[in-house]
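Since the structure comes first, as structure tokens, the remarks are kept for the end.
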Amino acid sequence: MIRITKTKERESIGYWMLPKPDFKIKRWERVPRVSPQVPFGYEIDPDDDEWLKPIPKELELLELAKKHLKQYSYREVAAWLSTQSGRRISHTGLRKRIDVERKRKSLAAIKRKLADRLEKALKQYEILEKERLGYYTYVEDGDSTSNGNGTSI
């Protein structure tokens, strides 16, 4: 009698392995301390009082709480967050924390757009400079194509 191993059996019936999902591991970074109050999800770094050390569990719960706000009130989500994390947060504290994050994201987006506009304007300026009459560039010493006064031959 021939025993079929599980792998042979799986191959014979068309078994295949599904690809594993791509899990991204979040790495929370230290942030500088800008106020005397320590925000939810952080604690004072024991090595340096000027920095806040992240608490990954609380920050993950805060991310989940943001999703819950689509269905529940700030009071309900703050109560849930307080019981899950073991650290108290009021509904106004939760609202302020989320508003600050939204504000920072929108400011970053505005500054990114302004940087793109500035980059585009600089490119247009370079094109205009090259098209005007008498445009020249400086040439390195030792370049054989220059005639000595900064213009090319």
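Each reported figure results from applying straightforward, stated rules to the coordinates on display, with no laboratory input. Given the structure is predicted, the values throughout are model-derived calculations rather than measurements. Using ideal geometry, Cβ is built from the backbone for each residue, glycine included, and neighbour counts are taken over all protein chains shown.
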- line: Taking placed amide H atoms and a strict 5 Å upper bound, the residues 5 or more places from GLU43 or on another chain that come that close are LYS53, ILE55
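Within a Cβ distance under 12 Å of LEU118, other residues only, what is the Lys/Arg minus Asp/Glu net charge?
Numbers: positive: LYS111, ARG112, LYS113, ARG117, LYS120, LYS123; negative: ASP116, GLU119.
For residues surrounding LEU118, the net value is +4.
Of ARG33, ARG27, how do they rank once you tally other Cβ atoms within 10 Å and put the fewest first?
Values: ARG33 17, ARG27 7.
Ordered from fewest to most neighbouring Cβ atoms within 10 Å, ARG33, ARG27 come out as ARG27, ARG33.
Net charge around ARG104, counting only other residues with Cβ within less than 12 Å of its Cβ (Lys, Arg = +1; Asp, Glu = -1)? Don't jump to the answer; show the numbers that get you there.
On the way: positive: ARG97, ARG102, LYS103, LYS105, LYS111; negative: ASP99, GLU101.
Surrounding charge for ARG104 is +3.
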query: What order do you get for SER35, SER85 when you list them from fewest to most C-beta neighbours inside 10 Å?
result: SER35, SER85
- line: Of all lysine pairs in region 27-129 that are eight or more residues apart or on different chains, those with Cα atoms under 19 Å apart total 18
statement: Ordered by fewest other Cβ atoms within 10 Å, a rough proxy for footprinting exposure, ILE44, ILE25, ILE110 read ILE25, ILE110, ILE44
- prompt: Counting Lys and Arg as +1 and Asp and Glu as -1, what is the net charge of the other residues whose Cβ lies under 11 Å from the Cβ of LYS26?
  reply: -1
